[in-house]
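J.: Please see the structure below; I have some questions.
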Amino acid sequence: MKSSRVCGGSVRGAREARSRQSDCATLNMYMSEITLRIPDATMLALKTDAERVGDELRLAAAMKLFELGRLSSGAAAHLAGLPKPVFLAKLADYGIDSFRLTEDELGQDLESA
């Protein structure tokens, strides 16, 4: 199935893409752009194009900022340009916990359930 790019992420299907376009237009009005200089040797080593490297760096930054507690999972997913469930799955792929409960908090949750 072909994917289309919407708000920096991928959306499957034209109907879903159209339903998000108006939201994306509003969101894109309030986005900042950051330019990152990457050595040509690094680009050659990565064996991919600049757009793909940009997507990978956004995902890596989003995951790290989430892991550090600087962004919520929703905000990090938005930064990565991914739907939240996909972002949470990516966290698991990279070994990053998506829940931030201490043992005591988990025990309290279990007691109140």
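The values are calculated or read from the model by the stated rules, or taken from the named source; none is laboratory data. Quick caveat, the model's predicted, so the values are computed rather than measured. Reconstructed Cβ throughout: ideal geometry from the backbone, glycine too, with neighbour counts over all protein chains shown.
J.: Check off (1) at pLDDT 90 or above; (2) farther than 22 Å from Asp97 by Cβ; (3) surrounded by 14 or more Cβ atoms within 10 Å (Cβ to Cβ) for Lys47 and give me the number that stays unchecked.
T.: Only one criterion is unmet by Lys47, namely (3).
J.: Right, next: Which helices (runs of 4 or more DSSP H) sit wholly inside the stretch 63-113 and have at least 1 residues that are of a type in the set (Phe, Trp, Tyr)?
T.: The helices (runs of 4 or more DSSP H) meeting that bar are 84-93.
J.: Of all residues in the stretch 63-74, count the ones that are of a type outside the set (Ser, Thr, Tyr) and either more than 21 Å from Glu33 (Cα to Cα) or loosely packed, with under 15 Cβ neighbours inside 10 Å (or both).
T.: Looking only at that region, the number is 6.
J.: Please verify whether the stretch 81-91 includes one or more residues that are surrounded by 11 or more Cβ atoms within 10 Å (Cβ to Cβ), free of Cβ contacts under 8 Å to residues at least 40 places away in the same chain and either touching a Cys at 6+ places or on another chain (Cβ under 7 Å) or among the small types (Gly, Ala, Ser) (or both).
T.: Among the residues of the stretch 81-91, at least one is surrounded by 11 or more Cβ atoms within 10 Å (Cβ to Cβ), free of Cβ contacts under 8 Å to residues at least 40 places away in the same chain and either touching a Cys at 6+ places or on another chain (Cβ under 7 Å) or among the small types (Gly, Ala, Ser) (or both), which makes the answer yes.
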